[in-house]
Amino acid sequence: MKIGFPRALFYYDYFPFWSGFFNHLDIELKISPSTHRQIMEDGLKRANDETCLPLKLLAGHIQALKDVDAIFLPRMVSGEENAYNCPKFLGIPETLLAAVPPGMPVLSAVINWRKGQRQVLKDLQILGVKLGKSRAEIHKAFLRGHECQQQYQESRGAGWNFEEKIKELESAGGGTLKKSNGNCMVIAANVPQTPSKPLRITLIGHSYLVQESYANLNLLQRLREKAEVSLIQHVEPKEAEAHLSGLRKKLFWSHAKQIYGAGNKFVEDPTIDGIIYLTCFGCGTDSMVQELLAQKVRKHHKPYMVITLDEHTGEAGLVTRLEAFLDMVERRKAREGYVSAYGKCLDSHSNTL
Ligand code: SF4
């Protein structure tokens, strides 16, 4: 059996789990190609106009899956005990059925860690029945997937994302890449560090925006050419959690907790010269978290830029803004003793960033 797995949204955070799970069951996963123009256009035609860019891209990737027996669209309700994913994750697969080619079967599974491991296993058993697998097989596949996901989480910071980590190690030839029988990649060496650059910039945003190079117009790569870049995805969850204090109410969306907690850590880090927040038009959680973080940034007088992506974002505009921002950070660092003579007054009395 060959199952299609779209290279979008949940792919960037949860693919290691599903890869280990399906490979243990001897089911081949076919991943859609990297995003290109046609995928984006197909997604725009089939997704709801009001939805966010990552959902539109997911609709395009679903249509790009050819020669498969079914398409897999999991409903990732919650990835940890005390938080939920964004409500748009919860609406999958129903909200995307219009993008599924006619006659193509859709497989789904509910993953809700808030209800505990026993419930996750129960829900996977329902998927197992559809796949013709026994309870024992599903249990073993679940453990394998869980192990793969943990290995991926623990290797945070060793590379840039699941795919790039593997490519970097292979090309460097210095690391050991083990391919276990469950096809779960284990990285056994640190990725060589890129030569240090004079500027240190943090790029904040959802993994599926930061690492989606077609939609973000290669922003991460452009930035890495000019500065040392830190990502919130490289921050340990415990460390991000420790920086959540000070909020009157708890954040209950996983991505929002990661963005605000890890973002806060970088805002308070004096070695970080500037912060870029990458968001997309129509993101409900970012509309709140971005403002919370902006307030913190103003207090710490850090250069800060928000880039909002949508399907119309043009390359020239993005490159100009990026270069202007980096020039400003560089000048400020070199000539103003790191504290702007004007910014203090402006920052405390206005919302101007
Ligand atoms: S968190 Fe924002 S970008 Fe992500 S799925 Fe939800 S609305 Fe879309």
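Points worth noting:
- Candidates 306, 329, 319, 297 - the one that is touching a Pro at 6+ places or on another chain (Cβ under 6 Å) and open to solvent by less than 60 Å² (accessible area, probe 1.4 Å): 329
- Of all residues making up the range 280-324, the number that are closer than 23 Å to residue 224 by Cα, β-branched (Val, Ile, Thr) and within 16 Å of the ligand (Cβ to nearest atom): 4
- Among the residues of the range 78-91, the ones that are crowded, with 18+ Cβ neighbours inside 10 Å and either modelled with pLDDT of 95 or more or part of a helix (DSSP H, G or I) (or both) come to 2 in all.
- Every listed requirement among (1) more than 14 Å from the ligand (Cβ to nearest atom); (2) open to solvent by less than 10 Å² (accessible area, probe 1.4 Å); (3) touching a residue at least 60 places away in the same chain (Cβ under 8 Å); (4) farther than 21 Å from residue 237 by Cβ is met by residue 99 save one, (3).
- Given (1) touching a Ser or Thr at 6+ places or on another chain (Cβ under 6 Å); (2) of a type outside the set (A, V, I, L, M); (3) open to solvent by 60 Å² or more (accessible area, probe 1.4 Å), number of the condition residue 245 does not satisfy: (1)
- The range 43-63: number of residues that are touching a residue at least 40 places away in the same chain (Cβ under 8 Å), open to solvent by 30 Å² or more (accessible area, probe 1.4 Å) and in a helix (DSSP H, G or I): 2
- Residue within the range 207-219 that is away from the ligand (no atom under 11 Å from the Cβ), of a type in the set (A, V, I, L, M) and free of Cβ contacts under 8 Å to residues at least 60 places away in the same chain present: no
- Cross-chain or 6+ apart pairs with Cβ under 7 Å, the range 296-308 first and in the same structural domain as residue 327 (by TED's automatic domain parsing), then polar (S, T, N, Q): 296/264; 301/340; 306/279; 306/290; 308/279
- Flag if residue 77 is aliphatic (A, V, I, L, M), farther than 30 Å from residue 308 by Cα and in the same structural domain as residue 7 (by TED's automatic domain parsing): no
- Evaluation of residue 266 against (1) open to solvent by less than 50 Å² (accessible area, probe 1.4 Å); (2) more than 16 Å from the ligand (Cβ to nearest atom); (3) in a helix (DSSP H, G or I); (4) touching a Leu at 6+ places or on another chain (Cβ under 9 Å) (one fails), failing number: (4)
- Meets criteria (closer than 27 Å to residue 43 by Cβ, more than 16 Å from the ligand (Cβ to nearest atom), of a type outside the set (Lys, Arg) and open to solvent by 60 Å² or more (accessible area, probe 1.4 Å)) for residue 127: no
- Selection from the range 84-107 of residues that are of a type in the set (A, V, I, L, M) and under 16 Å from residue 71 (Cα atoms): 92, 96, 97, 98, 99, 100, 104, 106, 107
- Of the residues 30, 56, 45, 66, the single one that is within 13 Å of the ligand (Cβ to nearest atom), assigned by TED's automatic domain parsing to the domain that holds residue 137 and modelled with pLDDT of 90 or more is 56.
Results for (1) open to solvent by less than 80 Å² (accessible area, probe 1.4 Å); (2) within 23 Å of residue 12 (Cα to Cα); (3) modelled with pLDDT of 90 or more, shown as yes or no for each residue.
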site	(1), (2), (3)
227	yes, no, yes
251	yes, yes, no
255	yes, yes, yes
262	yes, yes, yes
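The values are calculated or read from the model by the stated rules, or taken from the named source; none is laboratory data. It should be emphasised that the depicted structure is a prediction, and the values quoted were computed from it without experimental measurement. All Cβ positions, even for glycine, are placed from backbone atoms using ideal geometry, and neighbour counts span all protein chains on display. Accessible surface is based on the protein model in full, side chains and every heavy atom, while ligands, DNA and RNA are left aside. Shrake-Rupley method; radii C 1.70, N 1.55, O 1.52, S 1.80 Å.
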